[in-house]
Amino acid sequence: MIVCGDDGLAHRLAAELRGVYGEQVTLVVPPSGRRVRQPVVGRARAASAALLDRVSAAVNRAGTGGAEPVANEQVVEAGEVTEAVLTEVGADRAAALALVYDDDETNIRAALTARRLNPSVRLVLRLYNRRLGQHIEELLDQTAAVASGTGPGPGLDASTTVLSDADTAAPALAATALVGTSKVVQTEGLVLRAVERQPPRPGEVADPGLCTLALLSTTSNDPAGADGSEGSGEHGPQLLPDEMAVASATGRGTVVLEQVAYSGPSLPAGRGGVPPFASLFSRRLRWSLAGLVGCVLALAVALMFVTGAHPLYATYVTLLDLFGINDPAFHESTGEQVLQLLSGLVGLLLLPVLLAAVLEALGTFRSASTLRKPPRGLGGHVVLLGLGKIGTRVLTRLRELHIPVVCVESDPEARGMATARRLRVPVVLGDVTQEGVLEAAKIHRAHALLALTSADTTNLEASLYARSVRPDLRVVLRLYDDDFATAVYRTLRAAHPFALTRSRSVSHLAAPAFAGAMMGRQILGAIPVERRVLLFAEVDVAGHPQLEGRTVGEAFRAGAWRVLALNTAPAGGRRGDVESAEEDSAPASGLVWDLPSTYVLGPEDRVVLAATRRGLAELLGRRRRERAGA
């Protein structure tokens, strides 16, 4: 396995492959002078995890008669991923190659070179541009099919998977800011929704939902010192518990699966630069126009009753009187003369209203390409700090949910500024650490604060200041360093016990999905359970003895994996298959989620399952080793 990257995601992905899947990893990073400081998981914690895995492997060898030891990680420094570098690290004979640089162009260039060197290598690319990623997948997969001479089909093991750490983490961040407990995985029309539930009160029975995915920690202060993490011990969260564990877990919160379904495509993020009709005019002007229209209709109806004329003719005469282009009613009845005078008066009132409407519309179109300011009286919104890759994706997701947002960004040329203009989201330009910036974003009336800048200290400073302004504010921090995140989380929770605080690491959420893709499996998404991660994957039953020929009840392994649904969608629509664009766009036929425990999984079935990191490693690693031996 080869991992090429220049930030914390590369180090965490390498640690995931080595520590969880037991794979030999070659890590390609920039030279020391240009390297971004890796998070703790890539240094001390990765070393301790590797030591623990080696001890576990030794114990397993003693009991099973021997197995291959976990290999050490090889680190290669290279300023650019050239053909010579890929040849040096063995890309021509590697099973999988992950390109997780922060620059899309660098990843694409390296992927094209790697595919030429080794048409059968499994490629995993990190791309922010989703539309370009779809085309790159098709291009590289078609290249592999032509080079192998087999053509498109399930027999081709090589595949290209394009993932985005921003897309993986955005749903969890947006959901945490929205309600604090909802966890949603949505990919290619598949919707999986889970929710955290507090322990039931005495005499109450908790709703189990479709199934219980996890049990939360037993105590508010984790005795292991790493709240809800992998090392929390028996007091920490339990992923995929069995019925006996759920029944005996009194006083513990749960994560329950509420929905498994297919939905249509995501709602469009906006309509470009054309604002909606309601935003063209102010509310007062809209009421004025409505009042004048009502007056015109009333005058037309009155003229119709006075003269007995046809309704269309009465309306036409009223409009002529309104605009002052009708002849004076000298020889008409008194009623018609009065109505003509009233129509002229309404016409005088209409002129300034029309002028105001034109000026407001011109001002609205002129300001459509400029940044909006937070309106007066705004409240109950989400304050989003940072419009980088992650912030932009979270902003789009929040607007799809129709959640009011105010953004704060210090760089006028940030990646997400164009998205904010297109979605007409208010933006406050300024350094969030400076006095008055958060006040301009109406933080004192906000519902939640999302601190998603790339600097841990900036996120922490903004969160502490926001809590000083409003102690009960819901706060979500993006932090890279796990030890730092744990210390911040515990301190904020102790200082503000009645406020919701969450710390999220983007690379911590994204690394398991990238690792699963390198093992040849489509990872649908990941949800955080305290400081652990639960994965959702799509698996072909064929070739997996743990699933094939077993019932759904027999296939379930507590703490490892659980079959959630039977996917009846056409196989050609899956990501990673080499199919035509027409087949890729074919609608999915749906899911069968209410499978009885006696249903026997056949080799032709394809299932959606929830799995822990180590459970998925066991399920996928065995099959990969069998293929490698064959």
Within segment 385-404, restricting to residues that are open to solvent by less than 10 Å² (accessible area, probe 1.4 Å) and more than 15 Å from the chain's Cα centre (by Cα), the one that is nearest to Ala166 (Cα to Cα) is Gly386
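Checking the condition of a type in the set (Ser, Thr, Tyr) and either closer than 30 Å to Asp141 by Cα or at pLDDT 60 or above (or both), which residue from Thr250, Thr219 passes?
Details: Thr219 fails: either closer than 30 Å to Asp141 by Cα or at pLDDT 60 or above (or both).
Checking each option against the conditions leaves just Thr250.
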Worksheet item: Somewhere in segment 92-114, is a residue in a helix (DSSP H, G or I), closer than 30 Å to Glu258 by Cα and either modelled with pLDDT of 85 or more or in contact with a helix residue (DSSP H, G or I) (Cβ under 9 Å, 6 or more places away or on another chain) (or both)?
Response: no
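Just to be sure, is Val255 out of contact with any Cys (no Cβ under 8 Å at 6 or more places or on another chain), under 30 Å from Asp167 (Cα atoms), modelled with pLDDT of 75 or more and not in a loop (DSSP other than H, G, I, E, B)?
yes
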Scanning segment 404-436 for residues that are among the aliphatic types (A, V, I, L, M), out of contact with any strand residue (DSSP E or B) (no Cβ under 6 Å at 6 or more places or on another chain) and closer than 21 Å to Gly377 by Cα gives Leu423, Leu429
When segment 539-559 is checked residue by residue, the ones that are farther than 18 Å from Thr612 by Cβ, in a loop (DSSP other than H, G, I, E, B) and open to solvent by 40 Å² or more (accessible area, probe 1.4 Å) are Pro545, Glu548, Gly549, Arg550
Residue set Ala84, Ala14; condition loosely packed, with under 13 Cβ neighbours inside 10 Å, modelled with pLDDT of 80 or more and in a helix (DSSP H, G or I); output residue Ala84
Inside segment 296-306, the number of residues satisfying the requirement of being in contact (Cβ under 8 Å) with a residue 12 or more places away in the chain and open to solvent by less than 60 Å² (accessible area, probe 1.4 Å) is 5
When segment 535-585 is checked residue by residue, the ones that are more than 27 Å from Val255 (Cα to Cα), at pLDDT 65 or above and not hydrophobic (A, V, I, L, M, F, W, C) are Gly543, His544, Pro545, Glu548, Gly549
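Inside segment 323-350, can you point out the residues that are in contact with a Ser or Thr (Cβ under 7 Å, 6 or more places away or on another chain) and either of a type in the set (D, E, K, R) or not in a helix (DSSP H, G or I) (or both)? Before you say what the answer is, go through the steps one by one.
First, pick out the residues of segment 323-350 that are in contact with a Ser or Thr (Cβ under 7 Å, 6 or more places away or on another chain): 336, 343.
The answer is Glu336, and nothing else.
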Selection from segment 429-472 of residues buried (at least 20 other Cβ atoms within 10 Å of the Cβ) and polar (S, T, N, Q) yields Thr453, Asn459, Ser463
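May I ask you to verify whether Arg286 is surrounded by fewer than 13 Cβ atoms within 10 Å (Cβ to Cβ), charged (D, E, K, R) and either within 30 Å of Val427 (Cβ to Cβ) or at pLDDT 80 or above (or both)?
no
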Note on Val476: of the conditions (1) assigned to a loop (DSSP other than H, G, I, E, B); (2) modelled with pLDDT under 85, unmet is (1)
Scanning segment 309-333 residue by residue, those at pLDDT 85 or above and either open to solvent by 60 Å² or more (accessible area, probe 1.4 Å) or of a type in the set (Lys, Arg) (or both) turn out to be His310, Pro311, Leu312, Tyr313, Tyr316
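The values are calculated or read from the model by the stated rules, or taken from the named source; none is laboratory data. In this text, all values refer to a predicted model and were calculated from it rather than measured experimentally. All Cβ positions, glycine included, derive from the backbone under ideal geometry; neighbour counts span all protein chains shown. Quick note on the areas: whole protein, heavy atoms, side chains included, nothing else; ligands and nucleic acids left out. Shrake-Rupley method; radii C 1.70, N 1.55, O 1.52, S 1.80 Å.
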